[in-house]
Amino acid sequence: MNRSARFDVVQRRLGLGCARLGSVLGRDQAHSLALVQAAFDRGIRFFDTANIYGQGESERILGRALGGRRKEATIVTKAGQYFPTWMRMAKPFKGVIAPLLRRAGAGRHMVSQARQAPLPQNFSDHFLRASIEASLGRLNTDYADIVLLHSPPADVIAQGDALGSLERLREAGKAVRIGVSCEDVASALLALNDSRVEAIELPLWPVTETTDRFLDRAHRQAVFVIARGLMNVANGDDRWRAACTALVSSLPRGEISRVLIGTTRLPHLDLVLDAVRPPKATPCS
């Protein structure tokens, strides 16, 4: 595999997960912008974000970083979740509070604990339309390549009204593909029952027989599968190397359309990209 072939693997199979861009515990805006631009320069063309990531800052950073190169990129965003009132009221003070929380162990723990609580959800037609319009504004684009319902419960998936709202947004040119971002494989299997679903994002690791059943069905139905959760494969100090091993073993599986790399640090991104780079050939004696 030469350099252009490796670039092709990165471009066609990998994506950057942008959940921590602009977050309280993430890097500052300058570092986040540089990360997205570096990812693009290294061949990544697929970027996954959502209206709630960084309270909208993830989408703003992504829109700014891509700039005039937006049409060369594939953007995924999501709708259906929102922040409670107290979190929205704290947003104007985020620029002052964030550096203090990053430096304080207790502050980091407090934020991590707060993230464990589920966010409120709203999958009404009005909310979804308003949410996507706001996302497009922050992304500085008039359409998203993929729009997903963000972690809907089973009854919302089964009922289908929320997906109907996304279908109307697609018909209006706001989305190219629509689908569901799921919290587990069971929800992903349920989403496959709706023929309007064109893309599904889910935590794919650790791989089980149920995962394999989902991937087989998704492949037969030509559904675009976005895999996240690489960091779930291991614990300890060597988690990134374990994630790289899982990534390499997953690349031959054509049922997986994209694998997301969720990081805010360029050295971690380079470590993953090095994993798909072939070893240097040694000259023949």
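The values are calculated or read from the model by the stated rules, or taken from the named source; none is laboratory data. Everything quoted here is computed from the prediction, not taken from an experiment. No Cβ is skipped: glycine too gets one built from the backbone with ideal geometry, and neighbour counts run over all protein chains shown. Only protein heavy atoms, including side chains, enter the accessible area calculation; ligands, DNA and RNA are left aside. Shrake-Rupley method; radii C 1.70, N 1.55, O 1.52, S 1.80 Å.
To the nearest 10, the accessible area of Ile200 is 0 Å² with a 1.4 Å probe. Rolling a 1.4 angstrom probe over the stretch 141-285 with all protein chains present gives an accessible area of which 50% lies on carbon and sulfur atoms.
Each residue of the stretch 133-148 is assigned a 3J(HN,Hα), and the resulting list reads 4, 5, 4, 4, x, 5, 7, 6, 8, 9, 7, 10, 5, 9, 10, 10 Hz, derived from the Karplus form 6.51 cos²θ - 1.76 cosθ + 1.60 (θ = phi - 60°), x at Gly and Pro.
Order Arg258, Arg70, Arg265 by their accessible area, 1.4 angstrom probe, all chains in place, largest first.
The residues order as Arg265, Arg258, Arg70, largest area first.
Working from label points 7 Å from Cα in the Cα-to-Cβ sense, the Gln11 to Asn193 distance is 4.0 nm.
With a Förster radius of 25 Å applied to the C-beta separation of Arg239 and Arg217, the computed FRET efficiency comes to 0.25.
As a rough guide to protection, the peptides 181-190, 14-23 ranked by mean Cβ packing within 10 Å, highest first, stand as 14-23, 181-190. Measuring with a 1.4 angstrom probe and ignoring ligands and nucleic acids, Lys174 comes out at about 50 Å² accessible. Surface calculation, 1.4 Å probe, protein heavy atoms: His126 sits at approximately 130 Å² accessible. Computed over protein heavy atoms with a 1.4 Å probe, the accessible surface of the stretch 19-68 works out to 32 Å² per residue.
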